[in-house]
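Trainee: One structure, pasted below without further comment.
Each reported figure results from applying straightforward, stated rules to the coordinates on display, with no laboratory input. From a predicted model like this one, the values you see are computed outputs, not experimental measurements. Note that each Cβ is placed from the backbone with ideal geometry, even for glycine, and that neighbours are counted across all protein chains shown.
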Ligand SMILES: Nc1ncnc2c1ncn2[C@@H]1O[C@H](COP(=O)(O)OP(=O)(O)OP(=O)(O)O)[C@@H](O)[C@H]1O
Ligand SMILES: [Mg+2]
């Protein structure tokens, strides 16, 4: 089954007189349960593509399907619903909610989904343990390091076991041990729950884990390699 | 409450604590605003009450009975067509807080130097002692000592104009029911002071029996009045008097029909309170909206994150509105408490005699007793909450319309 299908996506930004082609006729199919790395030099279009797939941003042209359903024509409210229940996001910057503790940040999505408090708490504590933040649940973002905040963001994205996880540079602020643990967690989720991962990264170690490596340059896909995961 | 509303409310609450200085300033503004609304309204209400109470206790009473033509032609020809003795028996049996029957007709008073038009009151001093405008303490001379007293009591202003004083004689002229001239000399036995200088010029008092003899109207009067417990709750008294006078060709009126100036005070006061409350609210709402806009602006990024994670825009709006309502509710709690406390502190009234010169002109007394009415308190609180709700809609709307991508990438 196809988890994500992009057909001929284009997105152009205007910066004064200059036109920047952030996406230039991108077409790609991603199978359900795949583990895909998007790699590109800075400005290559990774974030733009992930945002389009996640329904955060509309392409200028082209079509996007998630699990067979066309999403680029959905309303804002429908897109919100889609993100809430089916997609986990790890944004490029941490983007935690500052007035909430780590645990509450992780619980946020579940709470909006309507999961009961006891269940939320149990799952949040379990996932925080899995990302190595045991005992830090009651800290606010301002009281945590960059890497710790990043792990909270990851925990928030995966805690409700969405079918699709879009992660933008999830290991950018982590040391090698922590990022190994994180990737380990991703691959476990991928294996046990069949979660589809699309990870934008510069990190060679992360690319090493990927079953499929898609390389972009100036908004175009220039290489698409299937590899055996390490 | 659903999970979304709960998290939105929790976020609203925590955001109030985020910028404590701003929250404290806003709370202070709302508290002082609410205090100004409620306490000053209570003071004004107290002043108006005093004016009306004074005005009513003086002459009109709460309910009056007249001959049907008396109001158009307040002359001795239009007597109540029931014997005064009978009237007195009926009113006495009804158990009003106070009542009286009297003669009130236009007359002319002359001294050897001047002549003035006045209103002649023929009263039973024993009955009217409680609610006369004559200040017995500052009275020069003595008051009437019965219905058959042969003297006359006049106001200080009138005495000055007539160039007369206690002990001197004056002549009063009026008409009898047959349009014949009636005149009679009286000795001035008392010169009174009143709250209102105009009373001192207008009213002269003689005994009721004396007046009846003078005007040739055996055992008849022109008006009967009754006073109940509360000038705002006159309806029971009105019903009672109507019942007493059932079958007799008379008109029965409440005080606001008779004294349209005083009658206009209550609705005017209500209107004033509403305007006052709204004006203060408008001043407040600038601060409120500004505070909300600021606090939304500082949170562009996290609002973007919430939207990106799939929170609906309506939940974002709820968050901002709750934040605003929390501010308002806490501000109101403090403001109401302050108002109750300050009203309680001066519950016995404050002496405003320093500024009373001017106020007495309008019929206010020198003592100001605040009156905190439930209506006014409710009005102020409801206005703040309802208008506050609407004022917070625009910042809330703005916040919910952020584009998550732009919001997230906004560098702060
Ligand atoms: N809002 C925007 N306005 C103008 N140009 C934009 C905007 N967003 C992205 N771009 C441009 O589009 C191109 C692709 O940007 P994108 O963020 O997708 O790159 P990226 O691969 O994620 O880069 P990085 O590794 O630095 O995150 C870049 O040239 C960028 O400058
Ligand atoms: Mg990027």
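Trainee: Would you calculate a helix-derived [θ] at 222 nm for chain B, using -39,500 (n - 2.57) for each DSSP H run of n ≥ 4 and dividing by the full residue count, to the nearest 500?
Mentor: Numbers: 15 runs with 227 residues, N = 412.
Taking each H run of at least 4 residues, the total per residue is -18000 deg cm²/dmol.
Trainee: Modelling each spin label as a point 7 Å along the Cα-to-Cβ direction, I'd like the residue B:409/residue B:347 distance in nm, to one decimal.
Mentor: Taking the two extended label points, one gets 6.6 nm.
Trainee: Across peptide A:112-124, how many C-beta atoms of other chains are within 10 Å of each residue C-beta, on average? All intermediate terms of the calculation are to be shown ahead of the outcome.
Mentor: Working: counts 11, 3, 3, 1, 1, 2, 0, 0, 1, 0, 0, 0, 0.
Counting Cβ atoms of other protein chains within 10 Å of each residue's Cβ and averaging gives 2.
Trainee: Which of B:39, A:89 has the fewest other C-beta atoms within 10 Å, and how do the rest follow up to the most?
Mentor: On the way: B:39 22, A:89 26.
Ascending Cβ contact count within 10 Å gives the list B:39, A:89.
Trainee: Can you tell me the 0 to 90 degree angle between the C-alpha axis of helix B:235-244 and the longest principal axis of chain B, rounded to 10?
Mentor: 30
Trainee: Moving to a separate point now. Residue A:20 to residue B:333: FRET efficiency via 1/(1 + (r/R0)^6), r the Cβ-Cβ distance, R0 45 Å, to the nearest 0.05?
Mentor: On the way: r = 54 Å, r/R0 = 1.21.
Given R0 = 45 Å and the Cβ-Cβ separation, E is 0.25.
Trainee: Shielding by partners for B:299-308, please: the mean number of other protein chain Cβ atoms within 10 Å of each residue's Cβ. Walk me through the numbers on the way to the answer.
Mentor: Working: counts 3, 0, 4, 7, 1, 3, 12, 6, 5, 11.
Other-chain Cβ atoms within 10 Å of each residue's Cβ, averaged: 5.
Trainee: For each of B:223, A:81, count neighbouring Cβ atoms within 10 Å of the residue's Cβ, then give the residues from fewest to most.
Mentor: Working: B:223 25, A:81 15.
Listing B:223, A:81 from fewest to most nearby Cβ atoms yields A:81, B:223.
Trainee: Rank the residues B:205, B:5, A:56 as a footprinting-exposure proxy: fewest other Cβ atoms within 10 Å of their Cβ go first.
Mentor: Values: B:205 28, B:5 14, A:56 22.
By the 10 Å Cβ count, ascending: B:5, A:56, B:205.
Trainee: Starting from the Kirkwood radius over alpha-carbon pairs of segment B:61-258, derive D by Stokes-Einstein at 37 °C in a medium of 0.692 mPa s and give it in µm² s⁻¹.
Mentor: Values: Rh = 17.1 Å.
Result for D is 192 µm²/s.
Trainee: Would you compute, from DSSP H runs of 4+ residues alone, the mean residue ellipticity of chain A at 222 nm, taking -39500 (n - 2.57) per run and dividing by the full residue count, rounded to the nearest 500?
Mentor: -11000 deg cm²/dmol
Trainee: Roughly how tilted is helix B:20-58, in degrees to the nearest 10 and between 0 and 90, from the longest Cα axis of chain B?
Mentor: Taking the Cα atoms of chain B, the angle to B:20-58 is about 10 degrees.
Trainee: Give me the distance between the Cα centres of segment A:68-106 and segment A:25-65, rounded to whole Å.
Mentor: Centre-to-centre (Cα) distance: 16 Å.
Trainee: From the C-alpha gyration tensor of the protein assembly as shown, pull out the three semi-axes of the equivalent ellipsoid (sqrt of 5λ each), sorted largest to smallest, in whole Å.
Mentor: Details: eigenvalues 1635, 92, 81 Å².
Working from the Cα gyration tensor, I get semi-axes of 90, 21, 20 Å.
Trainee: Nearest 10 degrees is fine. How inclined is helix A:102-113 to the longest principal axis of chain A, computing both from alpha carbons?
Mentor: For helix A:102-113, the angle is close to 60 degrees.
Trainee: Sorted from largest down, what three extents in whole angstroms do the Cα atoms of segment B:139-234 have along their principal axes?
Mentor: Ordered largest first, segment B:139-234 gives principal extents of 44, 35, 23 Å.
Trainee: For the pair residue B:314 and residue B:14, what calculated FRET efficiency results from E = 1/(1 + (r/R0)^6), where r is the Cβ-Cβ distance and R0 = 25 Å, to the nearest 0.05? If you can, show how the numbers build up before the last one.
Mentor: On the way: r = 20 Å, r/R0 = 0.79.
Approximately 0.80, to the nearest 0.05.
Trainee: Continuing with this model, one more query. Mind checking the alpha-carbon convex hull of chain A and giving the volume per residue in Å³? Could you put the intermediate results ahead of the total?
Mentor: Numbers: hull volume 29.7 nm³, N = 230.
Hull volume over Cα atoms, normalised by residue count, gives 129 Å³.
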